[in-house]
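Written out below as C-alpha coordinates is the structure these notes cover.
The values are calculated or read from the model by the stated rules, or taken from the named source; none is laboratory data. Owing to the predicted nature of the structure, the values given are computational and were not obtained by experimental measurement. Quick reminder, even Gly has a Cβ in these numbers, built from the backbone with ideal geometry, and neighbours come from all protein chains shown. When the accessible area is computed, the model is the full protein with side chains, heavy atoms only, and any ligands, DNA or RNA have been set aside. Shrake-Rupley method; radii C 1.70, N 1.55, O 1.52, S 1.80 Å.
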Amino acid sequence: MIQVYSWATPNGHKVHIMLEECGLAYHAHAVDIGAGDQFKDAFLAISPNNKIPAIVDEDGPDGKPISLFESGAILLYLAGKTGRFLPDDVRGKYETLEWLMFQMGGVGPMLGQAHHFRIYAPEKIDYAIKRYTNEARRLYGVLDKRLGDHPYVAGDMYTVADIAIWPWLRSWKNQGVELSDFPNVQKWFEAIEARPAVQRGIKVLADARKPLQDDKAREMLFGATQYARR
(Lines give C-alpha, C1' and ligand atoms only; values in the text may rest on other atoms or scores of the structure.)
Protein backbone atom coordinates (compact mmCIF):
# COMPACT_ATOMS: atom_id res chain seq x y z
CA MET A 1 0.00 0.00 0.00
CA ILE A 2 1.26 3.47 -0.92
CA GLN A 3 0.32 6.36 1.36
CA VAL A 4 -0.22 9.55 -0.63
CA TYR A 5 -0.17 12.92 1.12
CA SER A 6 -1.66 15.33 -1.34
CA TRP A 7 -4.28 17.84 -2.42
CA ALA A 8 -6.39 18.36 -5.54
CA THR A 9 -3.92 20.56 -7.45
CA PRO A 10 -2.04 19.95 -10.71
CA ASN A 11 1.00 18.57 -8.87
CA GLY A 12 -1.21 16.36 -6.75
CA HIS A 13 -3.16 15.16 -9.77
CA LYS A 14 0.03 14.04 -11.52
CA VAL A 15 0.64 11.45 -8.84
CA HIS A 16 -3.03 10.50 -8.46
CA ILE A 17 -3.23 9.82 -12.20
CA MET A 18 0.02 7.87 -12.23
CA LEU A 19 -1.16 5.65 -9.39
CA GLU A 20 -4.43 4.99 -11.19
CA GLU A 21 -2.69 4.31 -14.50
CA CYS A 22 -0.33 1.87 -12.79
CA GLY A 23 -3.13 0.13 -10.88
CA LEU A 24 -1.29 0.48 -7.59
CA ALA A 25 -3.06 0.26 -4.24
CA TYR A 26 -2.92 3.57 -2.40
CA HIS A 27 -4.55 5.59 0.33
CA ALA A 28 -4.89 9.33 -0.20
CA HIS A 29 -4.45 11.60 2.83
CA ALA A 30 -5.68 15.18 2.43
CA VAL A 31 -3.08 17.86 3.10
CA ASP A 32 -5.24 20.99 3.18
CA ILE A 33 -2.80 23.64 2.00
CA GLY A 34 -5.33 26.40 2.71
CA ALA A 35 -5.49 25.33 6.35
CA GLY A 36 -1.70 25.04 6.72
CA ASP A 37 -1.43 21.25 6.91
CA GLN A 38 1.72 21.46 4.79
CA PHE A 39 3.56 23.12 7.68
CA LYS A 40 2.85 20.41 10.25
CA ASP A 41 5.82 18.46 11.56
CA ALA A 42 4.45 15.09 10.43
CA PHE A 43 4.22 16.29 6.83
CA LEU A 44 7.56 18.11 6.92
CA ALA A 45 9.18 14.83 7.96
CA ILE A 46 8.46 13.42 4.51
CA SER A 47 8.30 16.66 2.52
CA PRO A 48 10.88 19.11 3.92
CA ASN A 49 10.03 21.67 1.23
CA ASN A 50 6.46 21.82 2.65
CA LYS A 51 4.93 21.16 -0.76
CA ILE A 52 2.47 18.50 -1.84
CA PRO A 53 2.51 15.75 -2.93
CA ALA A 54 4.60 13.26 -0.99
CA ILE A 55 4.32 9.50 -0.71
CA VAL A 56 5.37 6.71 1.60
CA ASP A 57 5.69 3.34 -0.10
CA GLU A 58 5.45 0.69 2.56
CA ASP A 59 7.08 -1.77 0.14
CA GLY A 60 10.16 0.15 -0.91
CA PRO A 61 12.95 -1.08 -3.21
CA ASP A 62 14.68 -2.95 -0.37
CA GLY A 63 11.46 -4.21 1.15
CA LYS A 64 11.45 -1.34 3.64
CA PRO A 65 9.33 1.84 3.57
CA ILE A 66 10.59 4.74 1.50
CA SER A 67 9.29 8.30 1.42
CA LEU A 68 9.57 10.70 -1.50
CA PHE A 69 8.63 14.29 -2.19
CA GLU A 70 8.62 16.31 -5.45
CA SER A 71 6.04 15.14 -7.99
CA GLY A 72 8.55 14.51 -10.78
CA ALA A 73 10.66 12.28 -8.55
CA ILE A 74 7.54 10.41 -7.46
CA LEU A 75 6.50 9.81 -11.08
CA LEU A 76 9.92 8.40 -11.91
CA TYR A 77 9.88 6.21 -8.81
CA LEU A 78 6.48 4.78 -9.69
CA ALA A 79 7.57 4.25 -13.30
CA GLY A 80 10.59 2.32 -12.05
CA LYS A 81 8.54 0.34 -9.57
CA THR A 82 6.02 -0.80 -12.19
CA GLY A 83 8.07 -0.71 -15.39
CA ARG A 84 5.42 1.50 -17.02
CA PHE A 85 5.20 4.88 -18.74
CA LEU A 86 8.96 5.31 -19.19
CA PRO A 87 10.58 3.73 -22.29
CA ASP A 88 13.13 0.99 -21.80
CA ASP A 89 15.41 2.11 -24.63
CA VAL A 90 17.97 4.74 -23.76
CA ARG A 91 16.96 7.24 -26.44
CA GLY A 92 13.28 7.01 -25.60
CA LYS A 93 14.02 7.30 -21.90
CA TYR A 94 15.96 10.53 -22.26
CA GLU A 95 13.48 12.04 -24.69
CA THR A 96 10.82 11.41 -22.05
CA LEU A 97 12.97 12.85 -19.28
CA GLU A 98 13.66 16.05 -21.19
CA TRP A 99 9.92 16.67 -21.61
CA LEU A 100 9.31 15.79 -17.97
CA MET A 101 11.94 18.40 -17.06
CA PHE A 102 10.20 20.82 -19.45
CA GLN A 103 7.13 20.48 -17.25
CA MET A 104 9.03 20.74 -13.97
CA GLY A 105 11.08 23.75 -15.01
CA GLY A 106 8.68 25.54 -17.35
CA VAL A 107 5.07 24.47 -17.61
CA GLY A 108 4.42 24.14 -13.88
CA PRO A 109 6.18 27.26 -12.56
CA MET A 110 5.22 29.57 -15.43
CA LEU A 111 1.58 28.53 -15.77
CA GLY A 112 1.35 28.69 -12.00
CA GLN A 113 2.58 32.29 -12.06
CA ALA A 114 0.15 33.19 -14.84
CA HIS A 115 -2.66 31.70 -12.81
CA HIS A 116 -1.53 33.52 -9.66
CA PHE A 117 -1.18 37.01 -11.10
CA ARG A 118 -4.33 36.75 -13.20
CA ILE A 119 -6.59 35.27 -10.49
CA TYR A 120 -5.18 35.41 -6.96
CA ALA A 121 -2.83 38.39 -6.63
CA PRO A 122 -4.32 41.02 -4.28
CA GLU A 123 -3.36 43.75 -6.74
CA LYS A 124 -3.45 43.51 -10.51
CA ILE A 125 0.05 44.13 -11.81
CA ASP A 126 -0.16 44.68 -15.54
CA TYR A 127 3.51 43.87 -16.16
CA ALA A 128 3.29 40.53 -14.32
CA ILE A 129 0.02 39.58 -16.00
CA LYS A 130 1.42 40.27 -19.47
CA ARG A 131 4.75 38.58 -18.74
CA TYR A 132 3.31 35.30 -17.50
CA THR A 133 0.36 35.21 -19.88
CA ASN A 134 2.73 35.62 -22.81
CA GLU A 135 4.99 32.91 -21.41
CA ALA A 136 2.00 30.60 -20.96
CA ARG A 137 1.03 31.08 -24.60
CA ARG A 138 4.63 30.51 -25.68
CA LEU A 139 4.76 27.21 -23.80
CA TYR A 140 1.47 26.11 -25.34
CA GLY A 141 3.02 26.94 -28.69
CA VAL A 142 6.05 24.74 -27.97
CA LEU A 143 3.73 21.87 -27.11
CA ASP A 144 1.53 22.50 -30.14
CA LYS A 145 4.50 22.26 -32.49
CA ARG A 146 5.75 19.10 -30.80
CA LEU A 147 2.32 17.46 -30.87
CA GLY A 148 1.94 18.27 -34.55
CA ASP A 149 4.58 15.63 -35.23
CA HIS A 150 3.93 13.15 -32.41
CA PRO A 151 0.80 11.69 -30.80
CA TYR A 152 2.28 12.13 -27.33
CA VAL A 153 4.69 14.64 -25.88
CA ALA A 154 7.70 12.33 -25.80
CA GLY A 155 6.91 10.52 -29.05
CA ASP A 156 4.72 7.56 -29.92
CA MET A 157 4.22 6.36 -26.34
CA TYR A 158 2.07 7.73 -23.51
CA THR A 159 4.55 8.47 -20.73
CA VAL A 160 5.17 10.25 -17.45
CA ALA A 161 5.74 13.41 -19.52
CA ASP A 162 2.10 13.44 -20.61
CA ILE A 163 0.95 12.61 -17.09
CA ALA A 164 3.01 15.50 -15.70
CA ILE A 165 1.95 18.13 -18.23
CA TRP A 166 -1.74 17.40 -18.69
CA PRO A 167 -3.06 18.49 -15.26
CA TRP A 168 -1.46 21.91 -15.65
CA LEU A 169 -3.39 22.58 -18.85
CA ARG A 170 -6.80 21.98 -17.28
CA SER A 171 -6.91 25.66 -16.19
CA TRP A 172 -6.10 27.11 -19.60
CA LYS A 173 -8.79 29.79 -19.28
CA ASN A 174 -7.27 31.10 -16.04
CA GLN A 175 -3.87 31.22 -17.75
CA GLY A 176 -5.19 33.56 -20.46
CA VAL A 177 -5.10 30.87 -23.14
CA GLU A 178 -7.69 29.74 -25.67
CA LEU A 179 -7.14 26.02 -26.16
CA SER A 180 -8.64 26.19 -29.66
CA ASP A 181 -5.70 28.40 -30.68
CA PHE A 182 -3.50 25.32 -30.24
CA PRO A 183 -5.32 22.54 -32.14
CA ASN A 184 -2.65 19.88 -31.65
CA VAL A 185 -2.61 20.50 -27.91
CA GLN A 186 -6.41 20.43 -27.83
CA LYS A 187 -6.56 17.08 -29.62
CA TRP A 188 -3.94 15.61 -27.26
CA PHE A 189 -5.62 17.12 -24.22
CA GLU A 190 -9.00 15.64 -25.07
CA ALA A 191 -7.51 12.21 -25.82
CA ILE A 192 -5.83 12.06 -22.42
CA GLU A 193 -8.88 13.49 -20.67
CA ALA A 194 -10.87 10.52 -22.00
CA ARG A 195 -8.63 7.94 -20.33
CA PRO A 196 -10.50 6.22 -17.46
CA ALA A 197 -7.50 6.35 -15.13
CA VAL A 198 -7.15 10.08 -15.73
CA GLN A 199 -10.82 10.63 -14.95
CA ARG A 200 -10.42 8.69 -11.71
CA GLY A 201 -7.21 10.50 -10.80
CA ILE A 202 -8.63 14.01 -10.99
CA LYS A 203 -11.45 13.03 -8.64
CA VAL A 204 -9.03 12.11 -5.85
CA LEU A 205 -9.49 14.59 -2.97
CA ALA A 206 -11.47 16.89 -5.28
CA ASP A 207 -14.44 16.94 -2.91
CA ALA A 208 -12.21 18.15 -0.07
CA ARG A 209 -10.96 21.23 -1.92
CA LYS A 210 -13.01 24.39 -1.48
CA PRO A 211 -12.86 27.73 -3.31
CA LEU A 212 -10.28 30.14 -1.91
CA GLN A 213 -12.40 32.58 0.06
CA ASP A 214 -11.07 33.39 3.53
CA ASP A 215 -8.09 35.46 4.62
CA LYS A 216 -6.53 32.59 6.58
CA ALA A 217 -6.29 30.42 3.48
CA ARG A 218 -4.79 33.30 1.49
CA GLU A 219 -2.21 33.82 4.22
CA MET A 220 -1.29 30.12 4.24
CA LEU A 221 -0.91 30.02 0.48
CA PHE A 222 0.51 33.43 -0.35
CA GLY A 223 1.47 35.19 2.88
CA ALA A 224 4.47 35.28 5.18
CA THR A 225 3.77 31.90 6.79
CA GLN A 226 5.15 29.97 3.81
CA TYR A 227 8.46 31.82 4.01
CA ALA A 228 9.20 31.07 7.65
CA ARG A 229 12.35 29.07 8.26
CA ARG A 230 11.60 25.57 9.53
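Heavy-atom accessible area with a 1.4 Å probe sorts TRP172, TRP188, largest first, into TRP172, TRP188.
Label-to-label distance for ALA35 and ALA191 is 4.1 nm, based on points extended 7 Å past Cα in the beta-carbon direction. Cross-link pairs exceeding 29 Å in C-alpha to C-alpha distance, out of LYS40/LYS173; LYS51/LYS81; LYS81/LYS210, comprise LYS40/LYS173; LYS81/LYS210.
Of the accessible area of region 90-194, with the probe set at 1.4 angstrom, what percent is carbon plus sulfur? Looking at region 90-194 in its full context, I get 50 percent from C and S.
Which of TYR127, ILE163, TYR152 sits closest to the plus end of the dipole of region 90-194, meaning its Cα is farthest towards the positive end, when Lys and Arg get +1 and Asp and Glu get -1 on the C-beta? Highest projection toward the positive end goes to TYR127.
Projecting label points 7 angstrom from Cα along Cα→Cβ for ALA73 and LEU44 puts them 1.7 nm apart. Taken about its Cα centre, region 90-194 carries a charge dipole of about 260 debye when Lys and Arg each add +1 at the Cβ and Asp and Glu each add -1 at the Cβ. Rounded to the nearest 0.05, the FRET efficiency derived from the C-beta distance between HIS116 and LYS203 at R0 = 30 Å is 0.75.
Here the calculated FRET efficiency for ASP126 and ASP89, from their Cβ-Cβ distance with R0 = 35 Å, stands at 0.15, rounded to the nearest 0.05. Highest mean packing comes first when the peptides 18-28, 189-199, 160-170 are listed by Cβ atoms within 10 Å, giving 160-170, 18-28, 189-199. The charge dipole of the chain, taken about its Cα centre with unit charges on the Cβ atoms of Lys, Arg (+1), Asp and Glu (-1) only, comes to about 540 debye. Less than 11 Å from a label point 7 Å out along the Cα-to-Cβ axis of ARG230: which backbone N atoms in region 42-56 qualify, by residue? Label zone hits: 42-52. Rolling a 1.4 Å probe over the protein heavy atoms gives the chain an accessible area of 51 Å² per residue. Full extension of the chain between LEU221 and ASP181 gives 11.2 nm of extra length, using 0.36 nm per residue less the Cα-Cα distance.
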